[in-house]
Amino acid sequence: MKTKNLFIALISMLFAFQACTTDDVSLTETGPGDGTNLYAIKDNAFGEYLKYLKVSGVYSQVSNESGNAVISYVIDTVESQGYTGEINLNKSNSSMTKLETAGLTTAKEKIKDLDGIQYFPGATSLILTSNELTSINLSKSVNLTLLNLNNNWIGSFDLSQNTKLKTLLYNASSSASAPENSKLIEIDLTHNVELDTISMTNHELESIDLSQNTKLRGVNFKGNSNTLYIPQEVYDRLNTATGLQPSKEPETPGEGDYYTIPDKAFGEFLHYRLKDQGIVAEENGAYKIDKTKAAAYTGELDLTKSKSAITELTEAGLETAETKLTDLSGIEYFTGITSLKLVSNQVTSLDITKLVNLTYLDLNANWIGSLDLTKNTKLEYLRYGASSSKDAPENSKLSNLDLTQNTALTTVLLSGHLLNDLDLSKNTKLTVIDLSKNPGVPFVVSSEVYDNVAAEGNKNTVIDSIKK
């Protein structure tokens, strides 16, 4: 009997010991009792590191799976809003040794998923050195002044919302394990006007626009696959300009007053549409734009390749009548146009930042996965229903879009994309909306906008895609 009692006592002590050594913060004491504010962190290496750093609003929870205690991590999404410090998630060798000494079970695991960072909008510094992130969304991290992504695998990211950023460090990883597309080929820094330091070495950048970064003093673009040229006046205001070369004028793909169009279907279509204008000329089967005449043109460009349009072009004898447009290089010279229609083409990228006079834009049924409209402040009509084509590549739908600069918009038709969030708080003139078949439906709009849209009763509106 004594042996049996001793055994029971030992078992009780063991459970008591486990209860004391498991980080079992009571969520009912620190968060809402019903768990409505709790967000589960997908990557345990991320969650445990945040907990180790004592970042506000991060808690561990213990569940029992097949008799084993399993620890996971959650964010109290209300409490986390108040965090305003640094988040240093460095996973260099020395950092991992420190974490291992501290007893972290994920000490040697690289962070691969940063989902949850959106609930810390007050963070001012984010250090992610030596992890294995392939994507990152920092659109909610609007107070960041320092961002260090050194030695990660991120091939594309958007910093348009991080307007307070002063220091940006992202030197590409040299790891043999890095996947394809783990280096930058382009980046837009035109919104980050507070930047004073940039280091982005060993990427595959083809060009860089630093014209808006007037506070910039030190840069390092060493080891990029192309020589990066910037205007002489931008170069002259830098204290260090490693990896950059000055040019009196930014390089353009054309020569002199003409630009040769790389996409023959685009060139022939332009030539047909503008045949009476003398803007596009044909020479030995190639088409070139007169830059001066293109800039002076203030009409519309209708480059639709619908079935009826193809029939028209075929009857007109165009060799590329049935060929969809894929490359719109050269459109940037038409700075005066007010309307652009590209319906039913296969364009995957589009730079219309120079088309500042656009009021009408129709991109319906294309394959454009990222779109910058921040310079198109006169835009009133926007239609871009996602393509349903089985031939559409990955990343052919929008996952985010900034419309905060497009305050003149009255119509927004963006059905079938991958939008989870869409800020329409600045678009108070909207009367026609279709945001159907997006994962974020219904999107929140102001009462004023909702009432205007409902009262208008336009047939293109899908009223169920929004809510007050």
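The values are calculated or read from the model by the stated rules, or taken from the named source; none is laboratory data. None of these values were measured; they are calculated from a predicted model. Here the Cβ positions follow ideal geometry from the backbone for every residue, glycine too, while neighbour counts run over all protein chains shown.
Matching residues to (1) out of contact with any strand residue (DSSP E or B) (no Cβ under 9 Å at 6 or more places or on another chain); (2) under 30 Å from Ser173 (Cα atoms); (3) surrounded by 14 or more Cβ atoms within 10 Å (Cβ to Cβ); (4) among the charged types (D, E, K, R):
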position: Gln245; (1), (2), (3), (4): no, yes, no, no
position: Ile261; (1), (2), (3), (4): no, no, yes, no
position: Gly285; (1), (2), (3), (4): yes, no, no, no
position: Ala294; (1), (2), (3), (4): no, no, yes, no
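From the list Thr353, Thr311, Thr298, the one residue that fits, being exposed (fewer than 15 other Cβ atoms within 10 Å of the Cβ), under 17 Å from Lys378 (Cβ atoms) and out of contact with any Phe, Trp or Tyr (no Cβ under 9 Å at 6 or more places or on another chain), is Thr298. Go through region 88-128 and give me each residue that's farther than 14 Å from Leu149 by Cα, among the β-branched types (Val, Ile, Thr) and not in a helix (DSSP H, G or I). The answer is Thr105, Thr106, Thr124.
Could you tell me which of the residues Ser135, Ser173, Ser156 is small (Gly, Ala, Ser) and touching a residue at least 24 places away in the same chain (Cβ under 8 Å)?
Unique residue meeting the criteria: Ser156.
Put simply, of Ser425, Ser447, Ser415 the only residue that is over 19 Å from Ala365 (Cβ atoms) and touching a Ser or Thr at 6+ places or on another chain (Cβ under 8 Å) is Ser425.
Got a number for residues in region 275-330 being farther than 29 Å from Gly369 by Cβ and acidic (Asp, Glu)? Within region 275-330, residues that are farther than 29 Å from Gly369 by Cβ and acidic (Asp, Glu) number 7. Contact annotation: residue pairs with Cβ atoms under 7 Å, 6 or more positions apart or on different chains, pairing a residue in region 117-128 that is free of Cβ contacts under 8 Å to residues at least 60 places away in the same chain with a partner that is part of a helix (DSSP H, G or I) and surrounded by fewer than 16 Cβ atoms within 10 Å (Cβ to Cβ), are Pro121/Gln81; Gly122/Gln81; Gly122/Gly82.
For beta carbons closer than 9 Å, sequence separation of 6+ or different chains, a first residue in region 431-443 that is over 9 Å from Thr411 (Cα atoms) and a second that is aromatic (Phe, Trp, Tyr), the qualifying pairs are Leu435/Phe443. Listed by position, the strands (runs of 3 or more DSSP E) inside region 272-381 whose residues that are under 26 Å from the mean Cα position of the chain (by Cα) number at least 3 are 339-341, 360-362. Screening Asp276, Asp327, Asp257, Asp236 for residues that are touching an Asp or Glu at 6+ places or on another chain (Cβ under 8 Å) and surrounded by fewer than 15 Cβ atoms within 10 Å (Cβ to Cβ) leaves exactly one candidate, Asp257.
Against the condition touching a strand residue (DSSP E or B) at 6+ places or on another chain (Cβ under 9 Å), of a type in the set (D, E, K, R) and assigned by TED's automatic domain parsing to the domain that holds Thr410, how does Asp290 come out, does it pass? In short, yes.
Selection of region 391-417 for residues being surrounded by 16 or more Cβ atoms within 10 Å (Cβ to Cβ) and either in contact (Cβ under 8 Å) with a residue 60 or more places away in the chain or among the hydrophobic types (A, V, I, L, M, F, W, C) (or both) yields Ala392, Leu398, Asn400, Leu401, Asp402, Leu403, Leu409, Val412, Leu413, Leu414.
The helices (runs of 4 or more DSSP H) found entirely in region 1-81 that carry 2 or more residues being touching a Phe, Trp or Tyr at 6+ places or on another chain (Cβ under 7 Å) and at pLDDT 95 or above are 44-52. Gly122 meets the conditions (1) small (Gly, Ala, Ser); (2) crowded, with 19+ Cβ neighbours inside 10 Å; (3) over 16 Å from the mean Cα position of the chain (by Cα) in every case but one. The failed one is (2). Scanning region 421-445 for residues that are surrounded by fewer than 18 Cβ atoms within 10 Å (Cβ to Cβ) and closer than 23 Å to Asn376 by Cα returns Asp421, Asp423, Ser425, Lys426, Thr428, Lys429, Thr431. Report yes if Ile198 is modelled with pLDDT under 95, buried (at least 18 other Cβ atoms within 10 Å of the Cβ), outside the structural domain of Ser339 (by TED's automatic domain parsing) and farther than 24 Å from Glu319 by Cα, otherwise no. Taking the combined requirement at face value, the residue does not satisfy it. Only a single criterion out of (1) of a type in the set (Gly, Ala, Ser); (2) under 19 Å from Phe157 (Cβ atoms); (3) over 20 Å from the mean Cα position of the chain (by Cα) is not satisfied by Ser389, namely (2). For region 277-307, a residue qualifies if it is farther than 28 Å from Asn357 by Cα and either at pLDDT 95 or above or in contact with a His (Cβ under 9 Å, 6 or more places away or on another chain) (or both), and exactly one does: Lys307.
Residues in region 206-218 that are in contact with an Asp or Glu (Cβ under 9 Å, 6 or more places away or on another chain) and buried (at least 18 other Cβ atoms within 10 Å of the Cβ): Ile208, Asn213, Leu216. Taking the condition on the phi > 0 side of the Ramachandran plot, polar (S, T, N, Q) and in contact with a Ser or Thr (Cβ under 7 Å, 6 or more places away or on another chain), does Ser344 pass? Criteria met by Ser344.
Of all residues in region 344-400, those satisfying the criterion of being charged (D, E, K, R), touching an Asp or Glu at 6+ places or on another chain (Cβ under 9 Å) and within 16 Å of Ser160 (Cβ to Cβ) are Asp351, Asp372.
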